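Structure, as structure tokens:
Derivation of every value follows stated rules applied to the coordinates shown; laboratory data play no part. These numbers were taken from a predicted model, which means no experiment stands behind them. Cβ coordinates were reconstructed from backbone atoms using ideal geometry, including for glycine residues, and neighbour counts include every protein chain displayed.
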There are 2 protein chains.
Amino acid sequence: MSDNVVQAVQALKRGTVEVYTETDLAQRLVDAAKTGRPMRIKLGLDPTSPDIHLGHTVVLRKMRQFQDLGHKAVLIIGDYTARVGDPTGQNATRPMLSPEQIERNARTYFNQAGHILNTSPDKLEVRYNSEWLAKINLADLIKLASSMTVARMLERDTFELRYKAGDPIGIHEFLYPLMQGYDSVMIRSDVELGGTDQTFNNLVGRDLQRMHDQPPQIVITMPILVGLDGKEKMSKSKGNYVGVTDAPNDMFGKIMSISDEMMANYYTLLTDLPAEQIATLTDPSRSHPKEAKVTLGKTVVTQFYGPELAEMAAAEFDKVFAQGQLPDEIAEFSLPGEPISIKQLLTACKLVDSGGEAKRMVTQGGVSIDGQKVTDPNATTTPTDGMVVQVGRRRFARIRV
Amino acid sequence: MSDNVVQAVQALKRGTVEVYTETDLAQRLVDAAKTGRPMRIKLGLDPTSPDIHLGHTVVLRKMRQFQDLGHKAVLIIGDYTARVGDPTGQNATRPMLSPEQIERNARTYFNQAGHILNTSPDKLEVRYNSEWLAKINLADLIKLASSMTVARMLERDTFELRYKAGDPIGIHEFLYPLMQGYDSVMIRSDVELGGTDQTFNNLVGRDLQRMHDQPPQIVITMPILVGLDGKEKMSKSKGNYVGVTDAPNDMFGKIMSISDEMMANYYTLLTDLPAEQIATLTDPSRSHPKEAKVTLGKTVVTQFYGPELAEMAAAEFDKVFAQGQLPDEIAEFSLPGEPISIKQLLTACKLVDSGGEAKRMVTQGGVSIDGQKVTDPNATTTPTDGMVVQVGRRRFARIRV
């Protein structure tokens, strides 16, 4: 095996949880080099949640790495099952979508993924799985279903837990992994990428490809990125996420909020810095954690906005938080100069989403007016021109009377 | 509820194991009487094994009872799944059949079932389920599959036993009950008949009909007829069966071979005699068992061949077995007058299927030549004109040199 292939395998393994199998991957790279035919790297896209956060970019960055090595990304939009939805209506993650919603979501996803992926047509192919799933008949499906046993399906962790807990599992849920696997057959994928939560589904693709006399795809699983809270998986619904469309200042500020322990993980999964440099940056005896975190924030923001905006975000953060100054830009709101409650004030300046949030923020000591902490959400105040209201560490508003 | 309906429910319940539900059945009979619309009684037909024996007639006789009450038999030929077969090739009961084989088997079944059923077009409808199953798409199937849970499917006795034993169950096996249930939806069945081994599948039909806003079919299960050996289910492969195409003498003779304890069961499931008469016939203090068995044999043979041939079969049986005489008709075989082994002799006269069987029958003392028992299958004998060879109690051959 050539040194090139050995190096490529090493590079592609970075940050992965598992490669099924490394030998297959090396062999496939050798074949691709020999035939000059790029490998086809599959990634399934769920058209129900198009907004991408840094958690999603872990897999997308791996995809980009394959593209940079000369291979082709194949994005599969799971429109067929999205159009069907979950017939029982019990699975909130499978709502029924209209063709228009699917198209809109796919476009949103595509635009956001374009920050990471190379979107030139020779590097990226986008396919809708209704193209083949709409044509499947019952005889085809019986054949597909026969490739998998009930026992193996129930070994899948999510099914196993639900089965043991006595929670109902619809028979149709056993069909989804088969459909995903069939996608691999239809696009003849060489590699499928996914989070560890997709391991089972992606391995089904290997089985179905064998059944269809195709070489089985290599399955590469990537870790699930922990959210800003350091506890749960990054997700929009948990509010512990950094969206790829977040403004540079927000993105930088959110990254600065993670704990020191999380830095190594974020560096490995979200940047291309060499392992040795990451080791140095995350070793408190060699680097100051605060500075290491600033480097992390700037590196990530640079990927989306370039180095200049990243520097500006870092400077702004330093000014507001480290030096306690006000940010450069503060949204302004016009109010009459008449007494109103603190709750009303916060809502009027769009610093909170609801009266309940206003009350909570005040009670927790997170609200100040012109630098003075307020303690009673129902107390009244009279807005004056230039008054600055602050909620939490990063939300500001200036009043114009 | 009218007396008529009460009587009909009582009559239809005879010999059944379970009626799901009796109330539904009564209500449906009332509705049918009110609207003048006959009920549609479904029976699935397995096109892989067309030959019918008395075990099958238990269900067919119940169907005939419905026909005689004015309702319509709907036979479903499961051609779609027979054309697919079992893709794993592991299930010997699901071979893949050609359209010609399916058609031939369906015709054979239909001819044989015609001994029991009323085959006039207003009483009998024959449907092939490929008519609707070939049109089903993946979205339809997802919807169907969502109506059933994995846990409920695994409660089915055969699946439960296999799952606990660690034997593989293919996912496609979960689809078959759904397809059978969908058949009920498509033909809008009012009642489905089947053996107790079909209870689960037939109840699925109820669920799917509810899901399609149809009144759920009444499921009536019939007992599995015990074979002549009194132990196992009657089946061709076990050799413990009475085929509906068996000659009158064979049919009568086989029935005479059952044990006294089995008579009540056979009387109930295979004849229309009133319950009181059966009680008298099977009570040794009121009837002689031998005579009761002769009455059973004649009653069954009469259904297929009429009373005259039934009487002749009984007389023949009496002559050969009770009085030890030779039967009236014995097949003749021409052989050269040269020494051959007993094994060869039995095979040449078609009294056995193989040399192995010949050896076994001789060793068990079941073979005699001109009334003399033979003991060595390899001994030689010289055929003479008029020589009579007997195997077991009922197989005879006469030699012509």
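For the range B:262-401, report the % of Cα-Cα distances exceeding 22 Å. Please report the intermediate quantities before stating the final value.
Numbers: 5059 of 9730 pairs.
The proportion of pairs with Cα distances above 22 Å equals 52 percent.
List every residue whose amide H lies under 5 Å from the amide H of A:M39, counting only residues 5 or more places away in sequence or on a different chain, with H placed 1.01 Å from N in the peptide plane.
When sequence neighbours closer than 5 places are left aside, the close amide H contacts are A:K72.
Residues with amide H under 5 Å of A:L124's amide H, sequence separation 5 or more or different chain, H placed in the peptide plane at 1.01 Å from N; which?
Residues meeting the amide H criterion: A:A73.
Within straight cross-link reach of B:K359, meaning Cα distance under 12 Å, which aspartates and glutamates are found once same-chain residues fewer than 8 apart are removed?
Reachable aspartates and glutamates: B:D376.
For the range B:309-318, take each phi angle, set θ = phi - 60°, evaluate the Karplus expression 6.51 cos²θ - 1.76 cosθ + 1.60, and give the result in whole Hz per residue in order, putting x for glycine and proline.
5, 5, 4, 4, 5, 5, 5, 4, 4, 4
Once the Cα atoms of chain B are picked out, what are the Rg and Dmax in Å?
Answer for chain B, Rg first and Dmax second: 24.8, 78 Å.
With point charges of +1 on the Cβ of Lys and Arg and -1 on the Cβ of Asp and Glu, referenced to the Cα centre of the range B:3-222, which listed residue (B:L54, B:L43, B:L12) lies farthest in the positive direction of the dipole?
Result: B:L12.
For B:D51, place a label point 7 Å from Cα along the Cα-to-Cβ direction in every copy; what are the distances to the other copies, in nm, shortest first?
For B:D51, the inter-copy label distances come out at 7.0 nm.
Would you mind checking the pairs A:K123/A:K238; B:K233/B:K290; A:K13/A:K164; B:K143/B:K236; A:K236/A:K350; A:K164/B:K13 and listing those with alpha carbons more than 29 angstrom apart? Mind dumping the intermediate values first?
Details: A:K123/A:K238 34 Å; B:K233/B:K290 24 Å; A:K13/A:K164 35 Å; B:K143/B:K236 38 Å; A:K236/A:K350 20 Å; A:K164/B:K13 39 Å.
As for pairs spanning more than 29 Å Cα to Cα, those are A:K123/A:K238; A:K13/A:K164; B:K143/B:K236; A:K164/B:K13.
Kirkwood hydrodynamic radius for the range A:144-183: how many Å is it when counted over pairs of different Cα atoms?
10.6 Å
With angles folded into 0 to 90 degrees, how steeply does helix A:54-68 sit against the dominant principal axis of chain A? Use alpha carbons for both and round to 10.
Long axis of A:54-68 versus the principal axis of chain A: about 50 degrees.
Report the charge-dipole magnitude of chain A in Debye, nearest 20, computed about the Cα centre from +1 at each Lys and Arg Cβ and -1 at each Asp and Glu Cβ. Each step should come with its number before you reach the end.
Values: 46 positive and 50 negative charges, 68 e Å.
For this selection, approximately 320 debye.
Report the local net charge at B:E316: Lys and Arg +1, Asp and Glu -1, summed over other residues whose C-beta lies under 9 Å from its C-beta.
On the way: positive: B:K319; negative: B:D318, B:D328, B:E329.
Computed value for this residue: -2.
Taking the alpha-carbon centroid of each part, what is the distance from the range A:127-169 to the range A:326-361 in angstrom?
If we compute the Cα centre of each part, the gap is 51 Å.
Quick one: among A:K373, A:K42, A:K13, which has the greatest mean-square fluctuation in a GNM of chain A with alpha-carbon springs under 10 angstrom?
Between A:K373, A:K42, A:K13, it is A:K373 that shows the largest mean-square fluctuation.
Taking the Cα centre of the range B:257-366 as the origin and placing charges on Cβ (Lys, Arg +1; Asp, Glu -1), which of B:A279, B:G297, B:V320 is farthest toward the positive end of the dipole?
Of the candidates, B:V320 comes out farthest on the positive side.
Can you give the percent of C-alpha pairs in the range A:166-262 whose distance is more than 21 Å? Walk me through the numbers before you get to the answer.
On the way: 2473 of 4656 pairs.
Every Cα pair in the range A:166-262 considered, those over 21 Å come to 53 percent.
When Cβ neighbours within 10 Å are restricted to other protein chains, what is their mean count per residue of peptide A:176-185?
On the way: counts 1, 1, 2, 2, 0, 0, 1, 0, 0, 0.
Averaged over the peptide's residues, the number is 1.
Using a label position 7 Å from Cα in the Cα→Cβ direction, what is the ascending list of nm distances from B:R398 to the same site in the other copies?
When each copy's label point is compared with this one, the spacings are 12.6 nm.
Can you give me the angle between helix B:99-113 and the longest principal axis of chain B, using Cα atoms only, in degrees from 0 to 90, rounded to the nearest 10?
Long axis of B:99-113 versus the principal axis of chain B: about 80 degrees.
If Lys and Arg each add +1 and Asp and Glu each add -1, what is the summed charge of the other residues whose beta carbon sits under 15 Å from the beta carbon of A:G355?
Details: positive: A:K343, A:K350, A:K359, A:R360; negative: A:D353, A:E357, A:D376.
Residues near A:G355 contribute +1 overall.
How large is the helix-only mean residue ellipticity at 222 nm for chain B, computed as the sum of -39500 (n - 2.57) over DSSP H runs with n ≥ 4, divided by its residue count, in deg cm²/dmol to the nearest 500? Before the final figure, lay out each step's value.
Details: 17 runs with 182 residues, N = 401.
Value at 222 nm, helices only, nearest 500: -13500 deg cm²/dmol.
Would you please give the residues with an amide H less than 5 Å from that of A:I218, counting only those at least 5 places away or on a separate chain, with H modeled from the backbone geometry?
A:V191, A:E192
Name the residue, out of B:D68, B:D167, B:D318, whose mean-square fluctuation peaks in a Gaussian network model built on chain B with Cα pairs under 10 Å.
In the Gaussian network model the winner is B:D167.
State, to one decimal in nm², a quarter of the convex hull surface area for the C-alpha atoms of the range B:269-328, i.e. the direction-averaged projected area. Intermediate results must be reported in sequence, preceding the final value.
Details: hull surface 18.5 nm².
Computed as one quarter of the Cα hull surface, the answer is 4.6 nm².
Which distances, shortest first and in nm, link B:T363 to the matching position in the other copies, using label points set 7 Å out along Cα to C-beta?
9.0
Using the Karplus equation 6.51 cos²θ - 1.76 cosθ + 1.60 (θ = phi - 60°), what ³J(HN,Hα) coupling, rounded to whole Hz, does each residue of the range B:195-205 give in order, writing x for Gly and Pro?
With coefficients 6.51, -1.76 and 1.60, one gets x, 4, 6, 9, 3, 4, 4, 6, 5, 4, x Hz.
Starting from the alpha-carbon convex hull of the range A:331-400, give the projected area averaged over all orientations, in nm². Walk me through the intermediate numbers first.
Working: hull surface 15.4 nm².
Averaged projected area of the range A:331-400's Cα convex hull equals 3.8 nm².
Return the distance in nm (one decimal) between the two label points of a simple spin-label model at B:E155 and B:H212, each offset 7 Å from Cα along Cα→Cβ.
Calculated label separation equals 2.3 nm.
Select from A:K72, A:K123, A:K164 the residue whose mean-square fluctuation is largest in a Gaussian network model of chain A (Cα-Cα springs shorter than 10 Å).
In this elastic network of chain A, the residue with the biggest mean-square fluctuation among A:K72, A:K123, A:K164 is A:K164.
Evaluate the distance, in nm, between pseudo-label points positioned 7 Å from the Cα of A:D385 and of B:E332 along their respective Cα→Cβ axes.
According to this spin-label approximation, the distance is 13.4 nm.
Residues of the range B:252-279 with backbone nitrogen within less than 18 Å of a virtual label 7 Å along the Cα-to-Cβ line of B:D318, please, listed as ranges.
Answer for this model: B:252-257.
Give me log10 I(q)/I(0) at q = 0.10 Å⁻¹ for the protein assembly as shown, Debye formula, one equal scatterer per alpha-carbon, no solvent.
Debye output, listed in q order: -1.10.
When the Karplus curve 6.51 cos²θ - 1.76 cosθ + 1.60 is applied with θ = phi - 60°, which whole-Hz ³J(HN,Hα) does each residue of the range B:10-26 get, with x for Gly and Pro?
These are the phi-based 3J(HN,Hα) values: 4, 5, 6, 6, 3, x, 7, 8, 8, 10, 10, 10, 4, 4, 4, 4, 4 Hz.
Please give the charge dipole size of the range B:314-389, origin at the Cα centre, charges +1 on K and R Cβ atoms and -1 on D and E Cβ atoms. Round to the nearest 20 debye. Present the calculation step by step, with values, prior to reporting the outcome.
Working: 6 positive and 11 negative charges, 78 e Å.
It works out to roughly 380 debye.
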